[in-house]
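**Q** Dropping the structure in here first, questions after.
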Amino acid sequence: MSDVVTVSLRAPLTDPLQVEGLTADRVAGLSECEIAALPASLGARQARLGDFFDVKGERSDRLRVVGALKHVHGVAAGMAGGELVIDGDGGQGVAQGMTGGLVVVCGDVGADAARAMIAGTLVVFGRTGARPGRGSRRGSIVALGGIDMPVTYWCACTYEPPHVRLLLTYLRRRYGLNVEDQMIGGRYRRHCGDAGDPGRGEILEWVG
Amino acid sequence: MNIRGVFIEDTFAEGFSMAAARVVITAASSKWSRAAALKLTGFATSIIACKCEAAIERELTPDETPDGRPGISVLLFAVNAEGVKRRLVERIGSTVLTCPTTSCFDGLPDATDRVLVGRALAAFGDKFQSSTVVGGQRYWRVPVMEGEFLLQESFGVQKKAVGGGNFLILAEDAPSALAAAEAAVEVMDGMPGIILPFPGGVVRSGSKVGSRGYQSMTASTNDSYCPTLRLTTGSALVEGVNAVLEIVIDGLDADAIIRALRAGIEAACRPGVRTIAAGNYGGNLGPFRFPLRQIMAGGC
């Protein structure tokens, strides 16, 4: 068992790569070889995660995904627990259908992040792409680098959420992430939704 | 044995088993974490009437707290884990939940025995509460008028905690006894893993088990150490001793109490103090014995 599993993209991609099962809770029960054998698809071509990524570590519910991942879609989709950190930009559908755990994107994230989320937390340090949290029932998106707020979310208030302070302090200490003090102690707009599928999801938008 | 002319009696302090929790309170400033801690630990001097014993352990710097804010740690002792849980639910709910800007965390993360406190208290949120997991621990977010109160789900319980560590300061007069007690408290205050649950860390009304005259009383005055009764009871006091004060120590383990006893007794050996003794009940109260001379000789 490793402290953390690191999955590193060997070379930047130009075509979209869809990954399946690349979640912290799934990886927690897999060996290095089994992680490398997780399914992926490049267009119509079926492939394995190990065809594009180097895998280091095994059987940990802490997963780091490293590289230029803008064209890697579906990371953390359906994740049910554990922690997954994307060291850079994330592609589309990150944390889609998530039911638990923590996903952190250190850069920007593509469209449809945390779509149909049921529970868990997604933190985005960069810009959050289109349609975040669409159809989500519960769970939190913490948007630190700008977001086009969906019209189906309504602003409840601007406040200092204590759990975000705890969470960001934890990320700074546990992962050494470069978290600004103003983010930790800052104020956030709390947007509640998704109204299209009435739920208790939230988007916390950092306002400084 | 003498320390600077103060006689150390050949006796032992008798401790008993307790269960304990450490509560970490953070707030926007140490003013508010302390305000909550003082209320949380109010009326918690003796298990006899207060159902628990609690006090502030020490102040915490932002680097030491889970959320990076100024904090304070509190130790709470009860007879067993269930008692710890009940007291935490009652007291955190009435004192920390209500206090502006505070959050409340478990201070014994490595303890394998745990009690669920957050879930019970989160019901104050009237089903508007929600939970989140950070670092493998669940926290409850309870909506309050100020914003949200954050509270950890489970608190570790130290089942091998010890209550009733003590020593007695037998002095020529009340001012000397008080000065010695204050000196002892000053060095013990803030030592890790212990609290001094009585006012200012000092007890003037040491008790014995049961009562001579009233069947319903579970404890009554320790007449052997009351100077006014020296000639009317089987007194433990010699002529010239006119005031006695007691320091009571609760610890997360016996070693923490030994360290505190050693430091406190050393500081209490001052002019005007005749003897350092200790309260024991012949071994009938609890399984822990803290022999004063052995401890002061560096043993134990």
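**Q** With the requirement that a residue be without any contact (Cβ under 8 Å) to a residue 60 or more places away in the chain and either of a type in the set (A, V, I, L, M, F, W, C) or closer than 27 Å to B:PHE77 by Cα (or both), what does region B:114-133 give you? Reasoning before the result, please.
**A** At the first step, the residues of region B:114-133 found to be without any contact (Cβ under 8 Å) to a residue 60 or more places away in the chain are B:114, B:116-133.
Once the filter is applied, which keeps residues that are without any contact (Cβ under 8 Å) to a residue 60 or more places away in the chain and either of a type in the set (A, V, I, L, M, F, W, C) or closer than 27 Å to B:PHE77 by Cα (or both), region B:114-133 yields B:ARG114, B:LEU116, B:VAL117, B:GLY118, B:ARG119, B:ALA120, B:LEU121, B:ALA122, B:ALA123, B:PHE124, B:PHE128, B:VAL133.
**Q** Is it the case that some residue within region A:159-171 is closer than 30 Å to B:LEU97 by Cα and assigned to a strand (DSSP E or B)? Give the derivation first.
**A** We begin by selecting, within region A:159-171, every residue closer than 30 Å to B:LEU97 by Cα; these are A:159-171.
From what's left, assigned to a strand (DSSP E or B): A:159.
Yes, the conditions are met somewhere in region A:159-171.
**Q** Let me spell it out: the conditions are (1) charged (D, E, K, R); (2) farther than 21 Å from A:ARG189 by Cβ; (3) over 10 Å from the mean Cα position of the chain (by Cα), and A:ARG131 meets all of them except one. Which number is the exception?
**A** (2) is the only condition that A:ARG131 fails.
**Q** Could you look through region A:152-186, keep only residues that are facing another protein chain (nearest Cβ under 10 Å) and of a type in the set (D, E, K, R), and pick out the one that is surrounded by the fewest Cβ atoms within 10 Å (Cβ to Cβ)?
**A** Among those that are facing another protein chain (nearest Cβ under 10 Å) and of a type in the set (D, E, K, R), it is A:ASP181.
**Q** Here is a further query. Considering region A:20-50 alone, what residues qualify as being assigned to a helix (DSSP H, G or I) and closer than 26 Å to A:GLY129 by Cβ?
**A** Just the residues of region A:20-50 that are assigned to a helix (DSSP H, G or I), to begin with: A:24-27, A:32-36, A:49-50.
Residues satisfying the conditions are A:ALA24, A:ASP25, A:ARG26, A:VAL27, A:LEU49.
**Q** Here's something else I'd like to know. Looking only at region B:143-174, how many residues end up being in a strand (DSSP E or B) and over 23 Å from B:GLU82 (Cβ atoms)?
**A** First pass over region B:143-174, keeping only residues in a strand (DSSP E or B): B:143-144, B:147-152, B:154-156, B:158-171.
After this cut, where a residue has to be over 23 Å from B:GLU82 (Cβ atoms) as well, the list is B:143-144, B:147-150, B:165-171.
Within region B:143-174, residues that are in a strand (DSSP E or B) and over 23 Å from B:GLU82 (Cβ atoms) number 13.
**Q** Give, as residue ranges, the strands (runs of 3 or more DSSP E) completely inside region B:200-300 that count at least 3 residues that are in the same structural domain as B:ALA181 (by TED's automatic domain parsing) and out of contact with any Lys or Arg (no Cβ under 7 Å at 6 or more places or on another chain). Talk me through it step by step, then tell me what you get.
**A** Details: elements: B:207-209, B:219-221, B:243-251, B:273-277, B:288-291.
Those strands (runs of 3 or more DSSP E) span B:207-209, B:243-251, B:273-277, B:288-291.
**Q** Something else about it: Can you run down the residue pairs with Cβ atoms below 6 Å, 6 or more apart or on separate chains, where the first is in region B:199-213 and touching a residue at least 12 places away in the same chain (Cβ under 8 Å) and charged (D, E, K, R) and the partner is surrounded by 13 or more Cβ atoms within 10 Å (Cβ to Cβ) and in a strand (DSSP E or B)?
**A** B:ARG204/B:LEU245
**Q** Restricting to region A:66-87, name every residue that is over 10 Å from the mean Cα position of the chain (by Cα) and part of a strand (DSSP E or B).
**A** A:VAL66, A:VAL72, A:HIS73, A:ASP87
**Q** If I ask for residues that are more than 14 Å from chain B (Cβ to nearest Cβ) and not in a loop (DSSP other than H, G, I, E, B), which ones from region A:88-129 would you list?
**A** Within region A:88-129, A:GLY90, A:VAL105, A:VAL109, A:VAL124, A:THR128 meet the criteria.
**Q** Report yes if B:SER73 is crowded, with 17+ Cβ neighbours inside 10 Å, under 24 Å from A:ILE184 (Cα atoms) and within 19 Å of the chain's Cα centre (by Cα), otherwise no.
**A** Numbers: crowded, with 17+ Cβ neighbours inside 10 Å: yes; under 24 Å from A:ILE184 (Cα atoms): yes; within 19 Å of the chain's Cα centre (by Cα): yes.
So B:SER73 passes the test.
**Q** So B:ILE258 clears everything in (1) of a type in the set (Val, Ile, Thr); (2) touching a Leu at 6+ places or on another chain (Cβ under 7 Å); (3) under 21 Å from B:GLU186 (Cβ atoms) except one condition, right? Which one?
**A** Every condition holds for B:ILE258 apart from (2).
**Q** Which members of region B:72-86 meet the condition of being assigned to a helix (DSSP H, G or I) and within 18 Å of B:LYS160 (Cα to Cα)? Even if it seems obvious, please write down each step before you answer.
**A** If we filter region B:72-86 for residues that are assigned to a helix (DSSP H, G or I), which is where we start, we get B:81-86.
Hits for region B:72-86 are B:ALA81, B:GLU82, B:GLY83, B:VAL84, B:LYS85.
**Q** Within region B:87-102, is even one residue facing chain A (nearest Cβ under 10 Å), assigned to a strand (DSSP E or B) and either surrounded by fewer than 23 Cβ atoms within 10 Å (Cβ to Cβ) or touching a residue at least 12 places away in the same chain (Cβ under 8 Å) (or both)? Let's see the steps before the verdict.
**A** Taking region B:87-102 first, the residues facing chain A (nearest Cβ under 10 Å) are B:101-102.
Filter again for assigned to a strand (DSSP E or B), leaving none.
There is no residue in region B:87-102 that is facing chain A (nearest Cβ under 10 Å), assigned to a strand (DSSP E or B) and either surrounded by fewer than 23 Cβ atoms within 10 Å (Cβ to Cβ) or touching a residue at least 12 places away in the same chain (Cβ under 8 Å) (or both).
**Q** Taking B:ARG69 as meeting all but one of (1) among the charged types (D, E, K, R); (2) touching a Gly at 6+ places or on another chain (Cβ under 8 Å); (3) in a loop (DSSP other than H, G, I, E, B), write down the number of the exception.
**A** The number of the failed condition is (2).
**Q** Scan region B:134-172 residue by residue and report those that are in contact (Cβ under 8 Å) with a residue 24 or more places away in the chain, of a type outside the set (A, V, I, L, M, F, W, C) and either surrounded by 16 or more Cβ atoms within 10 Å (Cβ to Cβ) or facing another protein chain (nearest Cβ under 10 Å) (or both).
**A** Those that are in contact (Cβ under 8 Å) with a residue 24 or more places away in the chain, of a type outside the set (A, V, I, L, M, F, W, C) and either surrounded by 16 or more Cβ atoms within 10 Å (Cβ to Cβ) or facing another protein chain (nearest Cβ under 10 Å) (or both): B:GLN137, B:GLU146, B:GLN152, B:GLU153, B:SER154, B:GLY156, B:GLN158, B:GLY163, B:GLY164, B:GLY165, B:ASN166.
**Q** Is it the case that region A:140-149 has a residue that's within 14 Å of chain B (Cβ to nearest Cβ) and at positive phi? Talk me through it step by step, then tell me what you get.
**A** From region A:140-149, those within 14 Å of chain B (Cβ to nearest Cβ) are A:140-142; that's our starting set.
If we keep only those that are at positive phi as well, we get none.
Within region A:140-149, not a single residue is within 14 Å of chain B (Cβ to nearest Cβ) and at positive phi.
**Q** Test of understanding: among B:ARG22, B:ARG34, which residue is in contact with a strand residue (DSSP E or B) (Cβ under 7 Å, 6 or more places away or on another chain) and part of a helix (DSSP H, G or I)? Steps first, answer last, please.
**A** On the way: B:ARG22 fails: part of a helix (DSSP H, G or I).
The match here is B:ARG34.
The values are calculated or read from the model by the stated rules, or taken from the named source; none is laboratory data. Here the structure is a predicted model, which means the values were calculated and not measured. Positions of Cβ are backbone-derived with ideal geometry, glycine not excepted, and every protein chain shown enters the neighbour counts.
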